[in-house]
Amino acid sequence: MKKILILLLVSILAITAVSAHGVDVTADTMVIANDTNGQLVKDIADANGKNISVYKFTSQDEVAHILEHSINNTNKRILLVAYQDTGDEFLKNHQDLSNRIIVIKDVNNDTILQGLNQVMNTPTENPQNGNSFGLPLVIGAVIGIIIGVGCGVLIMKKK
């Protein structure tokens, strides 16, 4: 029994930490707006045939959280027409994302349309080059099988 507990403890300690950031449920190409300019941006996008999701945010923390999702999601393209300070602060720390995160300072019809065109035409990475679901699944299955067989052998030796 002692060997099983030691084996279990070693296997638990060997597991690497997982960063639980949450699931991103927003569109890959999106606009961050607020109550004052959200409808204007949607109207301009619709009038110009741009199929883009406009999200109205209510706090800087929510915006910062969404911007963090763009670090790992290479297909994420964001246009900020609100919370520009949060976007600028984020881009200071992540300058490599400046081609996928566009911040509009002077929000008017022309700059919104230019920003929409820019964010919609920004190239994205091939999804096959990004994170894969299959590899972690196979690694987890192999580790589970090894631990299961090891525990099974120890239990059978006891009997």
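The values are calculated or read from the model by the stated rules, or taken from the named source; none is laboratory data. Every value quoted in this text rests on a predicted model; they were computed, and no experiment measured them. We place every Cβ from the backbone using ideal geometry, glycine too, and count neighbours over all the protein chains shown.
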Subject >> Matching residues in region 69-95 - criterion: being closer than 18 Å to residue 54 by Cα, of a type outside the set (Val, Ile, Thr) and assigned to a helix (DSSP H, G or I) >> reply: 69, 70, 84, 87
Subject >> Total residues in region 31-60, condition closer than 17 Å to residue 110 by Cβ, among the small types (Gly, Ala, Ser) and either buried (at least 16 other Cβ atoms within 10 Å of the Cβ) or not assigned by TED's automatic domain parsing to the domain that holds residue 120 (or both) >> reply: 2
Original post:
Do any residues in region 45-70 that are at pLDDT 90 or above have Cβ atoms under 7 Å from those of residues that are aromatic (Phe, Trp, Tyr), where the two are at least six apart or on different chains, and which pairs are they?
Top reply: 57/83; 60/83; 63/57; 63/83; 64/90; 67/90
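Here's the yes/no breakdown for (1) under 15 Å from the mean Cα position of the chain (by Cα); (2) surrounded by 18 or more Cβ atoms within 10 Å (Cβ to Cβ); (3) among the acidic types (Asp, Glu):
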| residue | (1), (2), (3) |
| --- | --- |
| 62 | yes, no, yes |
| 66 | yes, yes, no |
| 69 | yes, no, no |
| 73 | yes, yes, no |
| 79 | no, yes, no |
| 83 | no, yes, no |
| 94 | yes, no, no |
| 99 | no, no, no |
| 103 | no, yes, no |
